[in-house]
1. As an exercise: evaluate Ile291 against (1) in a loop (DSSP other than H, G, I, E, B); (2) touching a Phe, Trp or Tyr at 6+ places or on another chain (Cβ under 8 Å); (3) surrounded by 20 or more Cβ atoms within 10 Å (Cβ to Cβ); (4) not aromatic (Phe, Trp, Tyr) and give the number of the one condition it does not meet.
2. Please enumerate the residues belonging to region 474-533 that are among the polar types (S, T, N, Q) and assigned to a strand (DSSP E or B).
3. Among the helices (runs of 4 or more DSSP H) contained in region 169-286, which hold 3 or more residues that are surrounded by 14 or more Cβ atoms within 10 Å (Cβ to Cβ) and not hydrophobic (A, V, I, L, M, F, W, C)?
4. Scan (1) of a type outside the set (D, E, K, R); (2) crowded, with 19+ Cβ neighbours inside 10 Å; (3) under 17 Å from Leu509 (Cα atoms) for the single condition Ser480 breaks and write down its number.
5. For region 500-521, how many residues meet the condition of being more than 19 Å from the chain's Cα centre (by Cα) and surrounded by fewer than 15 Cβ atoms within 10 Å (Cβ to Cβ)?
6. Report every pair of residues separated by at least 6 positions or lying on different chains whose Cβ atoms are under 8 Å apart, first residue within region 478-489 and closer than 14 Å to Val231 by Cβ and touching a residue at least 40 places away in the same chain (Cβ under 8 Å), second outside any loop (DSSP other than H, G, I, E, B) and among the acidic types (Asp, Glu).
7. Tell me, please, whether a residue that is within 21 Å of Phe478 (Cβ to Cβ) and either within 33 Å of the chain's Cα centre (by Cα) or touching a residue at least 12 places away in the same chain (Cβ under 8 Å) (or both) can be found in region 365-386.
8. Considering only residues of region 322-354 that are buried (at least 18 other Cβ atoms within 10 Å of the Cβ) and assigned to a loop (DSSP other than H, G, I, E, B), which is modelled with the lowest pLDDT?
Amino acid sequence: MAPQTLLDLVSALPSTDSWGPPASSETNLNGVPYAPFSKGDKLGRMADWTEGKDRDRPGRQQYGNRGYRDAQIYGAQSNPFAIQQAEDEASFSVVDNTKTSSRGRGFGRGGQVFRGRGQRGAQNQRGGRGTFQRVGGRGGQQGYDNRNQRGGRGGRRFGYRDDKPQRNRDASIQVKPDWNLLEEIDFSRLSKLNLDTADGEDLDTYGFLYYYDRAYDKQPGAKTSEKKLNVLERAAYNVTTSNDPIIHDLAEKDEGTIFTTDSILSLLMCAPRSVYPWDLVITKQEEKLYIDRREGSTLDMVTVNENAADAPLETSEGNKDTINSPSALMMEATHINNIFPLQVVKESESAKKEMEHSHPFYNEHEETDPPASKAYNYRRFDLSLSQDEEPLHLIVRTELDAVLKNSITNDDQNITIKALNEFDSKAQGSGGALDWRSKLSSQRGAVVATEMKNNSCKLARWTIQSILAKADILKIGFVSRVNPRSPNDHIILGVLGYKPRDFAAQMNLNLANGWGIVRTIVDMIRHMDDGKYILVKDPNKSVLRLYAVPSDYFEDDDNAAEAPDQDEADD
C-alpha cells in the first residue's frame with residue numbers, strides 16, 4: 001500500500017474531532033439577539049494565550065505593556081445579553097465615579113478646578129473673573145447635586161454674597177401710615193449721577209484753633225509712639241441746621257437756597273456706600289431748603305466696620321460678645337473721636353489761631369469747661385446748571401480741628417482730625433483686620449487698605465468733610481484697646497496724615513457723583529409744596545425713599561417726650 005500523505009490522514013479523521021466550526025453550511029441563529037455596532041468598540045487580538053497565565057500570576061498588571069486598548073473587545077460598551085432590571089426612579093441618585101489626580105499641577109478630567117481672575121492652563125477651565133468651581137465637563141456639573149447649580153459653562157460660584165444669610169436690621173425711624181411715599185431711588189441710579197461743581201467760597205469763620213502736636217507723628221506702631229488716650233473735659237457742640245443762629249442769619253440775607261452741615265451733607269453724598277439705616281429731615285420754607293437731622297438720630301455717631309463682608313452682629317443675631325455689637329462699637333468709636341482731637345493739640349492761649357468771629361455757641365457765663373479747639377467755616381457752593389433761570393447756592397457749615405505749621409514754608413495749614421479704632425482682630429466682625437501693634441509699622445499700607453474696605457462709608461465721609469472745609473491735611477489716628485476684652489481704656493498707636501483729595505483718589509471717591517446726588521434730591525423737593533419731608537435709607541436694601549410727613553409730626557414727638565418730665569415736676 002502506498003504511503004498516505006499528511007493531508008490524507010487529516011481528511012480521514014471524523015469531523016467531530018477536528019478543530020473549527022462544523023462542516024455543515026447551514027447556519028441557525030434563532031434565539032441569538034442582534035449585537036449592535038458601536039464606533040467606540042475596538043477589536044483586540046483574536047486569541048490571547050497569555051491572558052490565562054497572567055491571571056494566575058499575582059502582582060502582575062492585568063494588561064501588561066500592551067495597553068488597555070487590547071482588553072476592549074467588540075461589544076464591550078453595549079452588552080445586549082445583560083438582564084435589564086427595572087428600578088424605581090424615585091430612589092435614583094447619581095454618583096460621581098470619576099477619578100481625580102493630585103499629582104503636580106494636573107487635574108483629572110471631571111475633577112475640581114479653581115482659578116482666579118484670568119488664569120489659564122487647567123483642563124475644562126476657561127479662567128475668567130472671580131473665583132468659581134467647575135465639576136465635570138463644559139456643560140456644568142456632572143454627578144453633582146443640582147441645588148445651587150447655576151448651569152451653563154461656569155458651574156456654581158462659591159463664596160458669593162447671595163450664599164450668606166440676609167440680615168434684618170431695624171429701621172432708623174418707623175414709617176407711619178399717614179406718610180406719603182413720593183420717590184423711591186435705588187443706589188445703582190444714584191451711582192450714575194454726576195455734577196461738576198467749582199470749589200466753594202468762604203462766607204464767615206468762627207471760633208479758634210490750637211496748634212497740632214507733632215510728637216504724635218512719630219513712627220506709627222513703634223513702642224516709643226504709644227500714648228495713653230486721656231479723657232479731657234472740654235465744651236464741644238453739635239448744633240443741628242435748624243438750631244444754628246448763623247445759618248438763620250444767612251438765610252434771612254438770601255445768601256443761599258439750601259442750608260445744611262458738613263456731617264449731613266457728607267452722608268448724603270456718600271449714600272451709595274452706606275449699609276446701616278439712616279434718615280434725614282428736609283424742610284421747605286419760602287423756596288428755601290433746610291437739610292437737617294432728626295432729634296435723637298444716630299446720624300452723627302461713628303460706625304465701625306459697616307462695609308465689612310462679615311460685619312459685627314447684634315446680640316439679637318446671636319452675638320454673645322455684647323461689647324463688640326454694632327451699637328456698642330458705635331458708642332465706643334464716637335467717644336474716641338470726641339476726645340482724640342483734644343489730646344493731640346497744644347493748648348496755649350498765646351499760641352493759637354483766632355478766626356474772624358468768636359465762638360458762635362460757647363457762652364463763658366454758663367459753661368464751666370473751656371471750649372475745645374474748633375473753627376466753623378460757613379462756605380457756599382454753586383449747584384446751578386446752564387439751563388437754570390436763577391442760581392442755586394448751597395451753604396454748609398464746615399469744621400476744622402487744629403492748625404499746623406508747614407516745616408518748609410512756615411505757613412499755617414488747617415487740618416481735620418479723626419480716629420480709627422481697633423477692638424479685637426480675632427473677634428467676629430473684625431473684617432480680617434491685621435493686628436495693629438505688630439503690623440502698623442511694617443505693613444502700614446495693608447492696614448490702611450483693610451480699613452478702606454471695612455469702613456468705606458466712614459472714611460469717605462471724613463474725606464468729603466475735609467474737602468468741604470478746605471482742609472490741607474486729614475490726620476487719622478490709630479487707637480486700640482489696652483485689653484481687647486475692655487472697651488474703656490485705649491492707647492494711641494500713631495497718627496498718619498493725608499491730603500484729602502489724594503486720599504479720595506485712593507478710595508475711588510468721586511466728588512462729582514456726590515454733588516449729583518445732592519442736586520437730584522434737591523430738585524425733587526423744590527417742585528413740591530412747602531412742608532416737611534423725610535429721606536429714609538432702607539435698613540436691608542440699597543434704596544432711598546422720600547416721604548412727605550405732616551409739618552407738626554416731629555414737634556408732637558418732642559412734646560410727647562417732654563410730657564413725662566413735666567408730670568414728674570408737678571408731682
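1. Condition not satisfied by Ile291: (1).
2. Ser480, the sole residue that qualifies.
3. Counting at least 3 such residues, we get 262-269.
4. Checking Ser480 against (1) of a type outside the set (D, E, K, R); (2) crowded, with 19+ Cβ neighbours inside 10 Å; (3) under 17 Å from Leu509 (Cα atoms), the one that fails is (3).
5. Adding up the residues that qualify gives 3.
6. Val479/Glu422; Pro487/Glu332
7. yes
8. Step by step, filter region 322-354, then rank; the result is Ser325.
The values are calculated or read from the model by the stated rules, or taken from the named source; none is laboratory data. Predicted model, so just to flag it, every value in this text is computed and none were measured. A quick note on method: Cβ atoms are made from the backbone with ideal geometry, for glycine too, and the neighbour counts reach across all protein chains shown.
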